[in-house]
Amino acid sequence: ADGALRLAGPGGEISIKPQATVLALGGASWPQLGSDGAWVPWLQARGVGIAPLQSANCGFEVAWSEHLRDKFAGWPLKSVALTFADAHGRTEQRQGEMVISARGVEGSLIYAFSQRLREHLNAHGSATFTIDLIPGRDFEQVLAQVSHPRGSRSISSHLKSRLGISGVKVALLHEVLRKEQ
């Protein structure tokens, strides 16, 4: 009632009036462990302005084909690099792992970019990033490998033997390239 902070501890309750207070309250992403955002209305009732809570680590929706969704949802993409350029021209690239989900993409590599991707989505309605399926190899190296005669092998077998690309990585290529490409 007097504007003091009330703190409860093993020795009982104390009241203090500091010059500044830093609150580390967590978000609302894991209610099972107490991170439920229950503090938001309490502070708002005291006139504290609160920005709407947004996920820090979140996945993003991608309109996958039915084939990719049905066959590869839940598959990890290991040893890939993600590049994202925001509206201000700032480009960042990181290598890591992510997961293809039925509704899009998620995982540690996506989480590393989630704030910037979300901000871009909120400002522009969409966001585009690039995935390098075989980081560490430049265009000329990849071209030389895929240009090697494949004989009677399928393109999938050729990519696997020449570049080590198989499974979900080949499915992603089919997702974004026409057959002739």
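The values are calculated or read from the model by the stated rules, or taken from the named source; none is laboratory data. Keep in mind that this is a model prediction, so the values were computed, not measured. No Cβ is skipped: glycine too gets one built from the backbone with ideal geometry, and neighbour counts run over all protein chains shown. Note: accessible area is taken over every heavy atom of the protein model, side chains too, but ligands, DNA and RNA are not part of it. Shrake-Rupley method; radii C 1.70, N 1.55, O 1.52, S 1.80 Å.
List of remarks:
- Charge tally in the Cβ shell below 12 Å around ARG150, where Lys, Arg are +1 and Asp, Glu are -1, ARG150 excluded: +3
- Measuring nothing but protein heavy atoms, the accessible surface of the chain at 1.4 Å probe radius is 53 percent carbon and sulfur.
- Two-site FRET efficiency, ARG90 against GLU175, from Cβ-Cβ distance with R₀ of 25 Å, rounded to 0.05: 0.40
- Note that the chain presents 70 Å² accessible area per residue, ligands and nucleic acids not counted, probe 1.4 Å.
- Value at 222 nm in deg cm²/dmol, rounded to 500, when DSSP H runs of n ≥ 4 in the chain each add -39,500 (n - 2.57): -9500 deg cm²/dmol
- Cβ-Cβ distance of VAL22 and SER108, R₀ of 25 Å, FRET efficiency by 1/(1 + (r/R0)^6): the value works out to about 0.35.
- Highest-first arrangement of 66-79, 39-52, where packing means the average Cβ count within 10 Å: 66-79, 39-52
- Size descriptors for the chain, from the alpha-carbon set: Rg then Dmax equal 23.9, 83 Å.
- R0 of 45 Å, Cβ-Cβ distance HIS67-VAL40: FRET efficiency to nearest 0.05: 0.60
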